[in-house]
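Enquirer: Before we start, here is the structure in question, set down as structure tokens.
The values are calculated or read from the model by the stated rules, or taken from the named source; none is laboratory data. This one's a predicted model, so the numbers in the text were calculated from it and none came from an experiment. Using ideal geometry, Cβ is built from the backbone for each residue, glycine included, and neighbour counts are taken over all protein chains shown. When the accessible area is computed, the model is the full protein with side chains, heavy atoms only, and any ligands, DNA or RNA have been set aside. Shrake-Rupley method; radii C 1.70, N 1.55, O 1.52, S 1.80 Å.
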Amino acid sequence: MVLDLEKRTYLLVTGASRGIGQRMAVELADHLKAGSVVVLLARTEQGLAQTKSSIEALGKDLKVYIFSIDLSTAKKSQFLEILDKSLQGVNVRSFERAFILHNAGTVGDVSKSAVESSDTDDWQVYFHMNVFSVISLNCEFFRKFTGVSKLVVNITSKCGIEPYGSMSFYCSGKAAREMYFRVLAVEQENEDVLVLNYAPGAIDTEMTELVQRQSSNKELADFFKMQRDTKTMLTTGQTTQKFLKVLQEQKFKSGDHVDYWDDEE
Ligand SMILES: NC(=O)c1ccc[n+]([C@@H]2O[C@H](COP(=O)([O-])OP(=O)(O)OC[C@H]3O[C@@H](n4cnc5c(N)ncnc54)[C@H](OP(=O)(O)O)[C@@H]3O)[C@@H](O)[C@H]2O)c1
């Protein structure tokens with residue numbers, strides 16, 4: 001099957017102020033049909049405004065909204081408010097597709113090992129940001145777009161299916177988040193809903209810089225350093241191109257985990 005991105009779309013991207021989310025938001029927007037709506041979420045207004053300008057510079061007839069929100073504390077009422085504000089005066093059924101890209105993510109405290117992370121408050125904040133907010137937003141999105149074709153992408157990681165030292169927050173959060181979307185895909189298999197768990201590879205962003213600086217896993221920190229020093233670390237542009245190809249070729253089954261490196265040399 002082939003997936004045509006050129007539809008009148010409501011596109012919501014979380015973590016759109018920098019990194020992978022910023023790049024994907026702009027590249028996706030470039031494929032959408034006139035009359036589409038793009039909604040960008042993150043905390044940093046300046047980064048969101050930059051993403052919005054890049055989308056507007058494409059010169060397409062799109063409406064772009066930005067909302068500053070802290071996903072580590074966000075409640076479902078805030079998600080509903082964002083959906084309502086961005087849909088004012090618009091009939092949801094006028095969209096050919098509702099597309100949500102759950103990209104925002106944090107890596108957690110990588111200086112600690114799995115047996116040093118005993119503070120439940122830390123876990124609470126981490127899971128609120130990376131799992132609970134994602135689920136809550138997704139539920140409100142589904143309620144709002146009842147009867148509209150839906151495309152749901154979760155930006156996951158190899159860490160969601162394989163353990164890495166110093167990454168207990170990240171690996172367990174990604175595993176929980178990915179399993180939620182796999183359940184969603186099973187439940188929605190007879191509906192017009194397509195779910196993808198996309199693992200982008202190790203990318204040159206603030207997240208991998210933080211791991212390189214702070215990880216107690218020396219092997220991992222050294223690996224990222226080597227990739228940076230030799231300029232072999234993947235870029236947001238490279239993973240976004242692969243992501244678009246994965247979507248458009250649609251060789252995956254709803255709910256699948258697809259990695260950047262699948263089918264690569
Ligand atoms: N980089 C990699 O190698 C890699 C590999 C596999 C998977 N991933 C995944 O890809 C996604 C994007 O990562 P990235 O590398 O682009 O990271 P990044 O550069 O650190 O960007 C993270 C994004 O999430 C947003 N965010 C962080 N905390 C937030 C909060 N409390 N509330 C709202 N938004 C928040 C940030 O915006 P604000 O700070 O403005 O809020 C930013 O837009 C994540 O899910 C990550 O796990 C990355």
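Enquirer: Go through segment 94-108 and count every residue that is surrounded by fewer than 16 Cβ atoms within 10 Å (Cβ to Cβ) and within 16 Å of the ligand (Cβ to nearest atom). Full working, then the answer.
Expert: Within segment 94-108, the first condition is being surrounded by fewer than 16 Cβ atoms within 10 Å (Cβ to Cβ), and the residues that meet it are 94.
Retained after the next criterion (residues that are within 16 Å of the ligand (Cβ to nearest atom)): none.
Counting residues in segment 94-108 that are surrounded by fewer than 16 Cβ atoms within 10 Å (Cβ to Cβ) and within 16 Å of the ligand (Cβ to nearest atom) gives 0.
Enquirer: Within segment 124-156, which residues are away from the ligand (no atom under 13 Å from the Cβ) and hydrophobic (A, V, I, L, M, F, W, C)?
Expert: Ile135, Cys139, Phe141, Phe142, Phe145, Val148, Leu151, Val152
Enquirer: In segment 192-220, how many are within 19 Å of Leu101 (Cα to Cα) and assigned to a loop (DSSP other than H, G, I, E, B)?
Expert: Of the residues in that region, 5 qualify.
Enquirer: Ok, one more. Mind listing just one residue for me: the one in segment 73-93 that is among the polar types (S, T, N, Q) and surrounded by fewer than 17 Cβ atoms within 10 Å (Cβ to Cβ) and, of those, farthest from the ligand (Cβ to nearest atom)?
Expert: Keep residues of segment 73-93 that are among the polar types (S, T, N, Q), which gives 73, 77-78, 86, 88, 91.
Within this subset, residues satisfying the condition of being surrounded by fewer than 17 Cβ atoms within 10 Å (Cβ to Cβ) are 73, 77, 88, 91.
Numbers: Thr73: 8, Ser77: 16, Gln88: 23, Asn91: 29 Å.
Top of the filtered list is Asn91.
Enquirer: Let me ask something else. Just wondering, is there one or more residues in segment 176-183 that are open to solvent by less than 30 Å² (accessible area, probe 1.4 Å), closer than 25 Å to Ser113 by Cα and either within 13 Å of the ligand (Cβ to nearest atom) or not small (Gly, Ala, Ser) (or both)? Let's see the steps before the verdict.
Expert: Initial filter on segment 176-183 (open to solvent by less than 30 Å² (accessible area, probe 1.4 Å)): 177-178, 181.
Then keep just the ones that are closer than 25 Å to Ser113 by Cα; that gives 177-178.
Next cut, either within 13 Å of the ligand (Cβ to nearest atom) or not small (Gly, Ala, Ser) (or both) only: 177-178.
Yes; the residues of segment 176-183 include at least one that is open to solvent by less than 30 Å² (accessible area, probe 1.4 Å), closer than 25 Å to Ser113 by Cα and either within 13 Å of the ligand (Cβ to nearest atom) or not small (Gly, Ala, Ser) (or both).
Enquirer: Please tell me if Val134 is touching a His at 6+ places or on another chain (Cβ under 7 Å) and within 25 Å of Val90 (Cα to Cα). Write out each step before concluding.
Expert: Details: touching a His at 6+ places or on another chain (Cβ under 7 Å): yes; within 25 Å of Val90 (Cα to Cα): yes.
Criteria met by Val134.
Enquirer: Do you know which of the residues in segment 248-265 that are touching a strand residue (DSSP E or B) at 6+ places or on another chain (Cβ under 7 Å) and more than 18 Å from Gly19 (Cα to Cα) is surrounded by the most Cβ atoms within 10 Å (Cβ to Cβ)?
Expert: Gly255
Enquirer: Turning to a different aspect of this structure: Of Val153, Val148, which residue is open to solvent by less than 20 Å² (accessible area, probe 1.4 Å) and either modelled with pLDDT under 95 or over 20 Å from the mean Cα position of the chain (by Cα) (or both)?
Expert: Numbers: Val153 fails: either modelled with pLDDT under 95 or over 20 Å from the mean Cα position of the chain (by Cα) (or both).
Sole residue among the options that is open to solvent by less than 20 Å² (accessible area, probe 1.4 Å) and either modelled with pLDDT under 95 or over 20 Å from the mean Cα position of the chain (by Cα) (or both): Val148.
Let's see how each residue does on (1) within 16 Å of the ligand (Cβ to nearest atom); (2) farther than 22 Å from Val92 by Cα; (3) crowded, with 17+ Cβ neighbours inside 10 Å:
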{"residue": "Ala16", "(1), (2), (3)": "yes, yes, yes"}
{"residue": "Leu40", "(1), (2), (3)": "yes, no, yes"}
{"residue": "Glu45", "(1), (2), (3)": "yes, yes, no"}
{"residue": "Ser53", "(1), (2), (3)": "yes, yes, no"}
{"residue": "Glu56", "(1), (2), (3)": "no, yes, no"}
{"residue": "Val64", "(1), (2), (3)": "yes, no, yes"}
